[in-house]
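The values are calculated or read from the model by the stated rules, or taken from the named source; none is laboratory data. Only a predicted model underlies this, so the values are computations on that prediction, with no experimental measurement involved. Every residue, glycine among them, receives a Cβ derived from its backbone with ideal geometry; neighbour counts consider all protein chains shown. These accessible areas exclude ligands, DNA and RNA; they are computed on the full protein's heavy atoms, side chains included. Shrake-Rupley method; radii C 1.70, N 1.55, O 1.52, S 1.80 Å.
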Amino acid sequence: MTIAAADVTTVPPLQAEPWVVVADAGAPAQAAPNTPIGGETSVAEPAGFRSAPYRAPVPATLTGATVVTTETAASLYESGATFIDVLPVPPRPANLPAGTLWRTPPRSDIPGSIWLPNTGYDRLTDAMDAWYRARLDDAAEGDTAAPLVFYCLADCWMSWNAAKRALGYGYSNVHWYPQGTDGWAAEGRSLEPRTPQFPD
């Protein structure tokens, strides 16, 4: 699939988003579907997708998905579930001098993950939406019942949105890991460098 550059650059800029956070490693060891990880939550699920700011406290539930802690995510990992990292890639700063080389900031995530950046915004272009659907189909090998684990960083609505979008595509075994790489690393689990996938 060929996607014009204009189709993938219409997402909001991230300069205002503080993409560094310390994880809360004190969550319970296990969570059932739609059960708050920390008990009651003051953050309600929105009816649709969450818009900016994307780094903010998240709800403890995602209707239709199973919310998991690090312990449960690790069990899913060991059983062969597919992990989808949706951390966004910041755009090239507008004030860089002409000719300056811009590289994607490095990212280390859960070993074996697939990094599909910029898929957790509240709105995607039709082309980006089609690309995301196709990448999930590849990751699940066409099986909408395959276990998929979506994550980003702690307090990151990108992973909530991306998991909700997968539910809308018909995936029935969706897991949302709200602590993301922060929670994974806080438990002493390894991370590895990852290269993002982008539309052609």
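Between SER108, ALA145, TYR121, the Cα set farthest toward the positive side of the dipole of the stretch 60-200 (charges on each charged residue's Cβ, about the Cα centre) is that of TYR121. Rolling a 1.4 Å probe over the protein chains gives THR104 an accessible area of about 60 Å².
Backbone phi angles across the stretch 56-70, fed through the Karplus curve with coefficients 6.51, -1.76 and 1.60 (θ = phi - 60°), yield HN-Hα couplings of 6, x, 10, x, 8, 9, 8, 3, x, 10, 9, 8, 10, 8, 4 Hz in residue order; Gly and Pro are listed as x.
Note that the stretch 47-54 has calculated 3J(HN,Hα) couplings of 5, x, 8, 7, 9, 4, x, 8 Hz, one per residue in order, obtained from phi through the Karplus relation 6.51 cos²θ - 1.76 cosθ + 1.60 (θ = phi - 60°); glycine and proline are x.
Normalised radius of gyration for the stretch 60-200, please: alpha carbon Rg relative to 2.2 N^0.38 Å, two decimal places.
1.05
For TRP115, the residues whose amide H sits under 5 Å from its own are ASP85, GLN197, ignoring neighbours fewer than 5 places away on the same chain, with H placed 1.01 Å from N. Over all pairs of different C-alpha atoms in the stretch 89-146, the reciprocal of the mean inverse distance, the Kirkwood hydrodynamic radius, equals 14.2 Å. The residues neighbouring PRO106, those whose beta-carbon lies less than 14 Å from its own, together hold a net charge of 0 under the Lys/Arg +1, Asp/Glu -1 convention.
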